[in-house]
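Asker: Okay, here's the structure, questions in a sec.
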DNA sequence: ACACCTAAGTAAACTGTTTCAACAGGTTGC
DNA sequence: GCAACCTGTTGAAACAGTTTACTTAGGTGT
């Protein structure tokens, strides 16, 4: 690459003292080494340390106990007496000793790390939807003593079986899969629950996978009820990615609710908006070109709704007087736009946090399947009004 | 918390075979164990494995070589003969053996993990600015065989010295610090370059820290030159966070350029927009209230510029005919707004990627300080025009 | 007075890899 | 004919912890 620095693991030789420990111990009886020997003498907390990093062995030597005892002190094992515990703990504090997590994980059962798997979209990280989920995940993980690793499910990643490899090579204890859909066949490798994985904000019927989702059906129902109540009958749907189960839920709810109101939706009322602003604008255009009498547009996410608003603004159509627009997500941004967007609030932060917690439980032996559904609610703002021609 | 599952590390007892290896070897000469013994017999690739995870020892035993040899095969050590290399490699493939990364890192020098440190903002992950940086970081890290860990510099995190601890406990090889400012005193712990850290898209004069930044001064110069060329003289600045060096660079450039054009900026022309849409809107309002004759607003980031646009729209002011607006960042969103935002393009993806690469070099022994400045350029779109009263 | 029990602590095995020092066995130099 | 070198391989130490099985000392029960 652009650097000529060696990046191989077999780099720079590290000096290995040949069986030095046992000899020095033999030279003077065990524990006769004076305490002032090392960092103990410094009174101040060892910020930056004296260079050498202390190991459990060092602590044990200075405390005149075995490494097993130090380990047990660290893990609050009740077999250790109050006095020894205090003695060792004090030394730990004084030396600024911190257990090496690699050694702990190697020896123990857990890595205390989770992977967040993002779709291979170029701008997945710059997306407010994923950001909300990740925010919830990171907060909860931190509280539970876990670290979070970022992964992207690129074609190569899956082809190389890396989704399995991060477990086999003991990188992580579990995976939180965001933004996945029916085409992500690699997910079926987790259907047997051999390695813990939780699908976040989507679910699958074809594979038996753990999941934590928002209640998209109920959200869509609230939107449709509300629009129908406002007198809308010719309602367009800007949906997306039919390979996503929750998107299909929205579409099905839309159809069912229209049917329930005695309306047969025209084929032209539904258009794919590809989850983007541009797509949403284009979809709005298509729908209104095919049927200019449509009085409301229901978008499958806020981004597409904003795109639609944008298109309508360009066409000088008055939202909400001429046409109503509803989104889905309730991103921060949605409230801060003209007109402020009526939308379905998804508890994405909570979904992320809960998924994280359940995943950790799973990794620690929880047997029952995880299948949680969190409630959504409608945020009525300024982009919706009575259908034109209906008196309030 | 909400779960009663044990989360301690000292969980479930794992059976330990007592010195079984040496005994079984004694029972029959070394290497006389039949090959069909374990997974070797299966012809198909071991997707999912046979349950037991294979270690290097297992591979060595079946290949009738030492673990040292297997290790050298894995690391392509030239001291291993072609024949042995092939024999061992074939077995590795057949068994689906994957080296344990914890053991590798424990034994070796590097963890092959970097931390991305984000500010403690509730919505840091949902931010397009950070998203771009992280996207660049993750891509480059992946290409260089590194994993990326997410951290948030919350007050507790720093108070507990966790920014040091992630090194001491061998979680990571280095830190990429995003969104930091002069108040982040914890950064000075890295001034001595004891542990590798690179400040991303900001820099410090008070602490000697590695950094990779966009050229904010040059970006601001381009904006000011352009606005002055269009005839603007009464230019408002919506800036933010003066504890950020690059923000001060923008402010200083703004003042210098105005002075160069013989303009003394009124005190009321500069207002803090707090990097948010809401703040940008409020700042625009303040500036225009104090001096309604201002003909252009220059915002320190796109979010604030969008907020300003929004405010101007609400006030029915015509952008760009009545007033011009310029942003800074060039987020995807900026191009997709009415009117499309004229802004300074920051190569955030590239900054992230380069910072990542330099950090890895640093972790691997690079001695020279990292201080890179990437060029920016003006994206002229629809939100700017000749100043009112100036003929084109 | 002896077996039995408990509490507190320890030695050693174990996790899975890297790397060094040593070592056979074969060439080559002189 | 033997010292010197080279090649390929190995045993074991090292990394830094956890956990098990054992030991020792002291206290009870009968």
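The values are calculated or read from the model by the stated rules, or taken from the named source; none is laboratory data. On a predicted model such as this, the values are computed, not experimentally measured, just so you know. Note that we place each Cβ from the backbone using ideal geometry, even for glycine, and neighbour counts take in every protein chain shown.
Asker: Looking for whichever is in contact with a helix residue (DSSP H, G or I) (Cβ under 8 Å, 6 or more places away or on another chain) and in contact (Cβ under 8 Å) with a residue 24 or more places away in the chain here; the options are B:234, B:245. Which one fits?
Answerer: None of the others qualify; the one that does is B:234.
Asker: Being out of contact with any strand residue (DSSP E or B) (no Cβ under 6 Å at 6 or more places or on another chain), closer than 20 Å to residue B:53 by Cβ and within 8 Å of chain A (Cβ to nearest Cβ) is the requirement here; does residue B:75 meet it?
Answerer: no
Asker: Another question about this same structure. How many residues, within the stretch B:336-356, are surrounded by fewer than 24 Cβ atoms within 10 Å (Cβ to Cβ), in a helix (DSSP H, G or I) and at the interface with chain A (Cβ under 10 Å from one of its Cβ atoms)?
Answerer: 2
Asker: Return only the number of the condition from (1) part of a helix (DSSP H, G or I); (2) surrounded by 23 or more Cβ atoms within 10 Å (Cβ to Cβ) that residue A:176 does not satisfy.
Answerer: Here residue A:176 meets the rest and fails (1).
Asker: Same structure, new question: Of the residues A:72, A:144, which single one is more than 16 Å from DNA strand C (Cβ to nearest atom) and modelled with pLDDT of 95 or more?
Answerer: The match here is A:144.
Asker: Right, something else. May I ask you to verify whether residue B:47 is at pLDDT below 50, under 39 Å from the mean Cα position of the chain (by Cα) and more than 8 Å from DNA strand D (Cβ to nearest atom)?
Answerer: Taking the combined requirement at face value, the residue satisfies it.
Asker: Of the residues that sit in the stretch A:221-231 and are within 14 Å of residue A:385 (Cβ to Cβ) and touching a residue at least 40 places away in the same chain (Cβ under 8 Å), which one is surrounded by the most Cβ atoms within 10 Å (Cβ to Cβ)?
Answerer: Result: A:227.
Asker: List the number of the failed condition for residue A:205; all other conditions in (1) surrounded by fewer than 18 Cβ atoms within 10 Å (Cβ to Cβ); (2) in a loop (DSSP other than H, G, I, E, B); (3) free of Cβ contacts under 8 Å to residues at least 40 places away in the same chain hold.
Answerer: Answer for residue A:205: the failing condition is (3).
Asker: Please give the number of the condition residue A:218 fails out of (1) surrounded by fewer than 19 Cβ atoms within 10 Å (Cβ to Cβ); (2) under 22 Å from residue A:346 (Cβ atoms); (3) without any contact (Cβ under 8 Å) to a residue 40 or more places away in the chain.
Answerer: Of the numbered conditions (1) surrounded by fewer than 19 Cβ atoms within 10 Å (Cβ to Cβ); (2) under 22 Å from residue A:346 (Cβ atoms); (3) without any contact (Cβ under 8 Å) to a residue 40 or more places away in the chain, the odd one out for residue A:218 is (3).
Asker: Hey, another quick one. One residue is enough: does the stretch B:366-377 have a residue meeting the conditions crowded, with 22+ Cβ neighbours inside 10 Å and either under 24 Å from the mean Cα position of the chain (by Cα) or within 20 Å of residue B:213 (Cβ to Cβ) (or both)?
Answerer: yes
Asker: In this structure, is residue A:320 assigned to a loop (DSSP other than H, G, I, E, B) and either at positive phi or within 11 Å of chain B (Cβ to nearest Cβ) (or both)?
Answerer: no
Asker: Another question, then. Need the failing condition index for residue B:313 against (1) away from chain A (no Cβ under 14 Å); (2) free of Cβ contacts under 8 Å to residues at least 12 places away in the same chain; (3) assigned to a helix (DSSP H, G or I), just the number.
Answerer: Single failed check for residue B:313: (1).
Asker: I'd like to check which helices (runs of 4 or more DSSP H) are fully inside the stretch B:63-159 and have at least 3 residues that are within 16 Å of DNA strand D (Cβ to nearest atom) and without any contact (Cβ under 8 Å) to a residue 24 or more places away in the chain.
Answerer: Once the helices (runs of 4 or more DSSP H) in the stretch B:63-159 are filtered for at least 3 residues that are within 16 Å of DNA strand D (Cβ to nearest atom) and without any contact (Cβ under 8 Å) to a residue 24 or more places away in the chain, what remains is B:67-74, B:82-95, B:101-107.
Asker: Would you confirm, using the coordinates I've provided, whether residue A:120 is at pLDDT 95 or above and either surrounded by fewer than 20 Cβ atoms within 10 Å (Cβ to Cβ) or within 10 Å of another protein chain (Cβ to nearest Cβ) (or both)?
Answerer: No: the conditions fail for residue A:120.
Asker: So which of A:171, A:195 is surrounded by fewer than 23 Cβ atoms within 10 Å (Cβ to Cβ), in contact (Cβ under 8 Å) with a residue 12 or more places away in the chain, at the interface with chain B (Cβ under 9 Å from one of its Cβ atoms) and touching a helix residue (DSSP H, G or I) at 6+ places or on another chain (Cβ under 8 Å)?
Answerer: One residue alone meets the criteria, A:171.
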